[in-house]
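Student: Mind looking over this structure? Questions follow.
The values are calculated or read from the model by the stated rules, or taken from the named source; none is laboratory data. These numbers come from a predicted model, not from an experiment. All Cβ positions, glycine included, derive from the backbone under ideal geometry; neighbour counts span all protein chains shown. Note: accessible area is taken over every heavy atom of the protein model, side chains too, but ligands, DNA and RNA are not part of it. Shrake-Rupley method; radii C 1.70, N 1.55, O 1.52, S 1.80 Å.
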Amino acid sequence: ELRRTTLIERLISSIDIVKMNKINLSNLKKLHSEFLRVYELYNKYLAENGFIDYADMLIKTRDILLNDPNARNRCLQKYKYIFIDEYQDVDPIQAEIIGLFRGNGFVCVVGDDDQAIYQFRGADERNIQVFSQSQDCVNAPLSENRRCPQNILSISENDIQKVSQRLTKSMYTNIGLGLVNVKQFPDLGTEISYIVDTIKDLLSSKEVTSLGQIGILLRSTSSYGSI
């Protein structure tokens, strides 16, 4: 059973995706009629109370820039240099807004389609792929990895090669070999106990001197929250 806050977070993420990806509401009604009912009640509440959500802010900004020449010209003249980090995480509406500035100024984006992890909220890594392959784009690859030792980089590259639709790239690192242990656990409690014991051992052996030197990567924190 989902917690109430988790359910609300997932509903909001789904509503954002419907809005930003222009999902056909007729098809949504056929496939998920109850969700569409909630979606319509949600938007009715926003309209009646003078509220807008994050997706609405983006959509209204896009519409103003497209439909109001004076507003568009003021923005294009004021902002000649646009710099965007983590471009692989932009959604279709954001990509449209950014596209309006191309040709009227200088747009620089930084990103990596291999690090696209926000599809669940409507981000689309194809935006950076299209941007990178456009005729007026000058690409400047950053090939040195300064975070990971070579064996971790090699494992990652071996896995990412399985993705067919991606920008080809090669990475290297000057960091020596690290340590990779592959472990399987019968249940979540055993896994967490192993993590706790490993941290205690690292601190006891002085391999690390503070908890701030330890990073734990999780696919989802919600599955660990009740332990």
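Okay, residues lined up against (1) closer than 30 Å to Thr168 by Cα; (2) part of a helix (DSSP H, G or I):
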{"site": "Asn43", "(1), (2)": "no, yes"}
{"site": "Cys75", "(1), (2)": "no, yes"}
{"site": "Ile93", "(1), (2)": "yes, yes"}
{"site": "Ile97", "(1), (2)": "yes, yes"}
{"site": "Cys108", "(1), (2)": "yes, no"}
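Student: Contact list please: Cβ distance under 7 Å, first residue in the range 35-49 and of a type in the set (A, V, I, L, M), second residue outside any helix (DSSP H, G or I), pairs at least six apart or on different chains.
Tutor: Final answer for the pair search is Leu46/Ile52; Leu46/Asp53.
Student: Further question on the same structure: So which of Lys60, Lys19 ends up being open to solvent by 80 Å² or more (accessible area, probe 1.4 Å) and not hydrophobic (A, V, I, L, M, F, W, C)? Give the steps one after another, and end with the answer.
Tutor: Numbers: Lys19 fails: open to solvent by 80 Å² or more (accessible area, probe 1.4 Å).
Testing whether each residue is open to solvent by 80 Å² or more (accessible area, probe 1.4 Å) and not hydrophobic (A, V, I, L, M, F, W, C) leaves just Lys60.
Student: Within the range 77-112, how many residues turn out to be of a type outside the set (A, V, I, L, M, F, W, C), in contact with an Asp or Glu (Cβ under 7 Å, 6 or more places away or on another chain) and farther than 15 Å from Arg62 by Cβ? Before you say what the answer is, go through the steps one by one.
Tutor: Residues of the range 77-112 that are of a type outside the set (A, V, I, L, M, F, W, C), as a first pass: 77-81, 85-89, 91-92, 94, 96, 99, 102-105, 111-112.
Narrowing the set further to residues that are in contact with an Asp or Glu (Cβ under 7 Å, 6 or more places away or on another chain) leaves 88, 91-92, 111.
Filter once more, so that each one left must be farther than 15 Å from Arg62 by Cβ: 88, 111.
Number of matching residues: 2.
Student: Can you spot a residue in the range 143-156 that is open to solvent by 70 Å² or more (accessible area, probe 1.4 Å), closer than 30 Å to Asp91 by Cβ and either among the polar types (S, T, N, Q) or more than 25 Å from the chain's Cα centre (by Cα) (or both)?
Tutor: no
Student: From the set of residues in the range 22-34 that are open to solvent by 100 Å² or more (accessible area, probe 1.4 Å), not in a loop (DSSP other than H, G, I, E, B) and not hydrophobic (A, V, I, L, M, F, W, C), which is nearest to Tyr45 (Cα to Cα)? Steps first, please.
Tutor: First pass over the range 22-34, keeping only residues open to solvent by 100 Å² or more (accessible area, probe 1.4 Å): 22, 29-32, 34.
Next cut, not in a loop (DSSP other than H, G, I, E, B) only: 29-31, 34.
If we keep only those that are not hydrophobic (A, V, I, L, M, F, W, C) too, we end up with 29-30, 34.
Details: Lys29: 19, Lys30: 23, Glu34: 17 Å.
So the residue we want is Glu34.
Student: Okay, next question. Examine the range 45-54 for a residue that is assigned to a helix (DSSP H, G or I), at pLDDT 95 or above and exposed (fewer than 10 other Cβ atoms within 10 Å of the Cβ), and state whether such a residue exists.
Tutor: Yes.
Student: Among the residues that make up the range 121-144, is at least one of them among the acidic types (Asp, Glu) and part of a helix (DSSP H, G or I)?
Tutor: Narrowing the range 121-144 to residues among the acidic types (Asp, Glu): 124-125, 136, 144.
From what's left, part of a helix (DSSP H, G or I): none.
So far as the range 121-144 goes, no, none of its residues is among the acidic types (Asp, Glu) and part of a helix (DSSP H, G or I).
Student: Also, quick follow-up: Can you name the number of the only condition in (1) within 22 Å of the chain's Cα centre (by Cα); (2) modelled with pLDDT of 90 or more that Asp68 fails?
Tutor: Status for Asp68: all satisfied but (1).
Student: For the range 165-183, give me each residue that is free of Cβ contacts under 8 Å to residues at least 12 places away in the same chain and under 21 Å from Tyr87 (Cβ atoms).
Tutor: Thr168
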